[in-house]
Amino acid sequence: MKTVIIEENHKKHRQRPLLEWFIYMVGYALILITLSVIFPKTMQIDHKFFGLWALLAAILISVLNRTIKPVLIWLTLPLTALTLGFFYPFVNVIILQIVDVLLGSHFEIQGIMMSFLIAILISLMNMLMDELVIKPIFGKE
């Protein structure tokens, strides 16, 4: 009897990170779509296939944040220290520019300021999503 309970709990624990990741990806995609509608001249996303390109961009942002971002942070650590941390958001801008290059004409950001705005909004969304959605649903503390 205990084995079944442990297996069910183990299965639930394995599904939680995937569900959390999916919630964040939808949030990223919504931010990207919203900004492309508000600022159509500085940010373009191919709106074919009902936001598939925005979701793909969100997935790429997440993958690059897990793989390349730690290396970028390590490489830019002296500059971040010299600027008292003000350079750190530009690491996210670099990630967004990489996504821009990878997706080509399906996802385009014109200028550093738009990338900076997107990076700030994604960071704010992460904080709000964590406090208002993830912690209440999954009971994380």
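The values are calculated or read from the model by the stated rules, or taken from the named source; none is laboratory data. Model, not experiment: these values are computed from the prediction. Here the Cβ is made from the backbone with ideal geometry for all residues, glycine too, and neighbour counts use every protein chain on show.
Data for the structure
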{"item": "Flag for LEU30 being within 23 Å of VAL133 (Cβ to Cβ) and either at pLDDT 90 or above or crowded, with 18+ Cβ neighbours inside 10 Å (or both)", "result": "yes"}
{"item": "Complete set of residues in segment 74-93 that are surrounded by 13 or more Cβ atoms within 10 Å (Cβ to Cβ) and either under 19 Å from the mean Cα position of the chain (by Cα) or under 18 Å from LEU124 (Cα atoms) (or both)", "result": "PHE87, TYR88, PRO89, PHE90, VAL91, ASN92, VAL93"}
{"item": "Counted residues, segment 69-85 - those being touching a helix residue (DSSP H, G or I) at 6+ places or on another chain (Cβ under 8 Å) and among the hydrophobic types (A, V, I, L, M, F, W, C)", "result": "2"}
{"item": "Test: residue in segment 57-64 that is modelled with pLDDT under 90 and within 15 Å of the chain's Cα centre (by Cα)", "result": "no"}
